[in-house]
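Enquirer: Please see the structure below; I have some questions.
The values are calculated or read from the model by the stated rules, or taken from the named source; none is laboratory data. In this text, all values refer to a predicted model and were calculated from it rather than measured experimentally. Every residue, glycine as well, gets a Cβ built from its backbone with ideal geometry; the counts of neighbours run over all protein chains shown. The protein model used for the area step is the full one, side chains on, heavy atoms only, and it has no ligands, DNA or RNA in it. Shrake-Rupley method; radii C 1.70, N 1.55, O 1.52, S 1.80 Å.
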Amino acid sequence: TWRRLARLPFPRAAAGVAFANGKIVVAGGVAQAGRLAKNALAYDLKTRRWSVLPGPGPREHLGVTSLAGTV
């Protein structure tokens, strides 16, 4: 089923998304003013909060996946 989550703390377009260890991770993409994002965002389904993580090198339209709990 679909349910509404808290909004992203920062705008993000053309990012990749994966799920691991109870968290939705949004990596890469385009942030404000058309600049490539330098961080990743993680949404913890248990606490229902977003946190900022170190991201991959700036990129957009990327594929993201997880394996054995690692994104």
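Enquirer: Would you mind telling me the share, in percent, of accessible area of the chain contributed by carbon and sulfur at probe 1.4 angstrom?
Expert: 54 percent
Enquirer: What do you reckon, how do LEU5, LEU62 stack up by accessible area (1.4 Å probe), largest on top?
Expert: Ranking LEU5, LEU62 by accessible area, largest first, yields LEU5, LEU62.
Enquirer: Could you list which residues have their amide H under 5 Å from that of ALA14, counting only those 5 or more apart in sequence or on another chain, with H placed in the peptide plane?
Expert: It is VAL30, by chain and number.
Enquirer: While we're here: Relative contact order (percent) for the chain, with alpha-carbon contacts under 8 angstrom and 6 or more residues of separation?
Expert: For the chain, the relative contact order is 34 percent.
Enquirer: Follow-up question, since we're still on this one. Using a Gaussian network model of the chain with C-alpha springs under 10 Å, which one of GLY22, GLY55, GLY34 is most mobile by mean-square fluctuation?
Expert: The residue that fluctuates most here is GLY34.
Enquirer: Per residue, how much accessible area does the chain show when a 1.4 Å probe rolls over the protein heavy atoms, in square angstrom?
Expert: 74 Å²
Enquirer: Right, another one. Longest segment of the chain with no trypsin sites (Lys or Arg not before Pro) in a DSSP loop having at most 13 other Cβ atoms within 10 Å?
Expert: 8-34
Enquirer: Picking from ALA42, ALA13, ALA33, which is most flexible by a Gaussian network model of the chain using Cα springs under 10 Å?
Expert: In this elastic network of the chain, the residue with the biggest mean-square fluctuation among ALA42, ALA13, ALA33 is ALA33.
Enquirer: What is the range 7-46 by shape, rounded, prolate or oblate, if you read a ≥ b ≥ c off the alpha carbon gyration tensor as root eigenvalues and call it rounded for a/c under 1.5, prolate for a/b larger than b/c, and oblate otherwise?
Expert: Verdict is prolate for the range 7-46.
Enquirer: Under Stokes-Einstein, with the Kirkwood radius over Cα pairs standing in for Rh, what whole-number D in µm²/s applies to the chain at 20 °C and 1.002 mPa s?
Expert: My calculation gives 174 µm²/s for D.
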